Amino acid sequence: MRDALSDSPSDLNIPFVIAFDTIHIIGLVVLGSTLLTAWLSRQVQRGTLWFGFNLSWLSASIGHLLLLGHQTGPPPNRGLCLTQATFVYGTPVLCVDLLTRKPGF
């Protein structure tokens, strides 16, 4: 019988990491297909704000998936961490900027 205290924290978090990655992969596919459909379709009319808002959340999904496969074990290199942090922490600022921007600016 296994003792719960003998398991490392990274082993216990594997199902949560898989769920987190799966949610972001689904979000990336759904947002990407939605944006691509709206961009390529002549019948679908969307404003610049709509495209910008959805692109910003697409960048959030990309940012969270940059560390795919590196969430447990040794830490990834600093460049990858910096890139991921730029995506993750920059996306909410980008969304607020897009939503508070006056038309024509």
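Got a sec? Which of Val88, Val93 is of a type outside the set (Gly, Ala, Ser), loosely packed, with under 11 Cβ neighbours inside 10 Å and either part of a helix (DSSP H, G or I) or touching a Pro at 6+ places or on another chain (Cβ under 6 Å) (or both)? Lay out the reasoning, then the answer.
Working: Val88 fails: loosely packed, with under 11 Cβ neighbours inside 10 Å.
Answer to the selection: Val93.
How many residues are among the small types (Gly, Ala, Ser), within 22 Å of Asp97 (Cα to Cα) and free of Cβ contacts under 8 Å to residues at least 24 places away in the same chain when one looks only at the range 39-80? Before you say what the answer is, go through the steps one by one.
Initial filter on the range 39-80 (among the small types (Gly, Ala, Ser)): 41, 47, 52, 56, 59-61, 63, 69, 73, 79.
Then keep just the ones that are within 22 Å of Asp97 (Cα to Cα); that gives 47, 52, 56, 59-61, 63.
Still in the running and free of Cβ contacts under 8 Å to residues at least 24 places away in the same chain: 47.
Residues that pass the stated criteria total 1.
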**Prompt:** Could we say that Gly32 is at pLDDT 90 or above, surrounded by 13 or more Cβ atoms within 10 Å (Cβ to Cβ), in contact with a Ser or Thr (Cβ under 7 Å, 6 or more places away or on another chain) and assigned to a helix (DSSP H, G or I) here?
**Reply:** no
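What residue, of Leu82, Leu67, is assigned to a helix (DSSP H, G or I) and either at pLDDT 85 or above or basic (Lys, Arg) (or both)? It would help to see each step written out before you state the result.
Numbers: Leu67 fails: assigned to a helix (DSSP H, G or I).
Checking each option against the conditions leaves just Leu82.
The values are calculated or read from the model by the stated rules, or taken from the named source; none is laboratory data. These numbers come from a predicted model, not from an experiment. Cβ atoms come from the backbone with ideal geometry, glycine included; neighbour counts cover every protein chain shown.
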